[in-house]
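Participant: Take a look at the following structure, please.
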Ligand code: SF4
């Protein structure tokens, strides 16, 4: 079950720019203001870290898709 897409989903809450996701996985997440996903991010190599970042995001705004289906940790 590979992660194929990661994005900021502010449909319910907003990114507070806390930087926690970048601290967990700076290969994928950048927080220059609100979180962005790096264009050259290797999702396969950072799968565990992406899930950990989504789990630990205080506002639950990190979404990811697994093999084309949408998923979110919280
Ligand atoms: S952990 Fe969540 S709230 Fe904090 S910067 Fe990342 S996306 Fe935004």
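Coordinate-derived values only; no laboratory data. The structure presented is a predicted model; accordingly, all values stated were derived computationally and were not measured. Neighbour counts run over all protein chains shown; Cβ positions are idealised from the backbone, glycine included.
Participant: Could you work out the helix-only [θ] at 222 nm for the chain, with each DSSP H run of four or more residues adding -39,500 (n - 2.57) and the total divided by the number of residues, to the nearest 500 deg cm²/dmol? Intermediate results must be reported in sequence, preceding the final value.
Facilitator: Details: 2 runs with 15 residues, N = 74.
Value at 222 nm, helices only: -5500 deg cm²/dmol.
Participant: Could you rank the peptides 43-54, 8-19 by their average count of other C-beta atoms within 10 Å per residue, with the highest value first? Walk me through the numbers before you get to the answer.
Facilitator: Working: 43-54: 17.4, 8-19: 12.4.
Highest mean packing first, the order is 43-54, 8-19.
Participant: Between 63, 41, 20, find the one with the highest GNM mean-square fluctuation for the chain; connect C-alpha pairs within less than 10 Å.
Facilitator: For the chain, modelled as a Gaussian network with Cα springs under 10 Å, the answer is 41.
Participant: Just want to confirm a number: the relative contact order over the chain, from Cα pairs under 8 angstrom separated by 6+ residues, in percent.
Facilitator: 41 percent.
Participant: Cα-based Rg of the chain per 2.2 N^0.38 Å, rounded to two decimals?
Facilitator: Relative to the 2.2 N^0.38 Å estimate, the chain comes out at 0.96.
Participant: Quick one: if you stick a label point 7 Å off each Cα along the C-beta vector at residue 40 and residue 11, how many nm between them?
Facilitator: Inter-label distance under the simple model: 3.2 nm.
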